[in-house]
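The values are calculated or read from the model by the stated rules, or taken from the named source; none is laboratory data. Note that this is a predicted model, so its numbers are computed, not measured. Methodologically, a virtual Cβ is constructed for each residue, glycine included, from the backbone with ideal geometry; neighbour enumeration extends over all protein chains shown. For accessibility, only protein heavy atoms count, side chains too; no ligands or nucleic acids. Shrake-Rupley method; radii C 1.70, N 1.55, O 1.52, S 1.80 Å.
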Amino acid sequence: MFLNKEDLGVAIYGYQLEQITEGNDSIVTMAMAAAQEEARSYLTANNSKDYLDGRFVYDTQAIFSATGSDRNPLILQHCITLAKWHIVQLSNVDILYEQIKERYDRATDWLTKLAEGEINLSTLPTVNLSEDTTKQPFAFGSRAKFNHDY
């Protein structure tokens with residue numbers, strides 16, 4: 001898995017994590033998996049032709065299969081923020097909820113901008129698309145002839 005429990009130490013204290021989850025590591029594992037899947041969903045191109053406008057199409061398999069120091073630090077930090085949000089929803093033990101919500105919103109906004117091509121990370125692996133899949137700049141044609149006959 002892209003995230004591990006020790007990664008969460010940069011975003012949430014161990015005693016808080018223990019109190020919120022009541023020592024249940026499956027809650028932590030589920031939150032990390034949800035965070036990873038949420039981040040992946042932002043970076044995965046859909047079947048829409050919009051992704052053929054020149055923006056990068058990221059190799060999410062390569063990004064999220066990386067481990068240890070091979071993980072992109074910025075993507076990792078945003079995944080940790082997302083995981084923390086999923087965990088904190090259970091409780092409000094000694095945690096500033098508004099601050100966590102603000103950081104979650106910033107992380108999702110940043111991932112959206114990355115997915116839309118407003119910002120780019122040169123260190124993320126991308127998928128090369130063939131030339132024949134590029135989007136045409138405009139479409140042309142005509143409508144069917146209109147007829148008032150009843």
Just report the Cα centroid separation between segment 57-79 and segment 1-24, whole Å. 19
Take peptides 113-126, 30-43 and line them up by average Cβ neighbours within 10 Å, highest first, as a rough protection proxy. 30-43, 113-126
Computed over segment 1-127, protein heavy atoms only, probe 1.4 angstrom, the accessible area per residue in square angstrom equals 56
Efficiency of FRET from Cβ geometry, residue 19 and residue 102, R₀ 22 Å, rounded to 0.05: 0.50
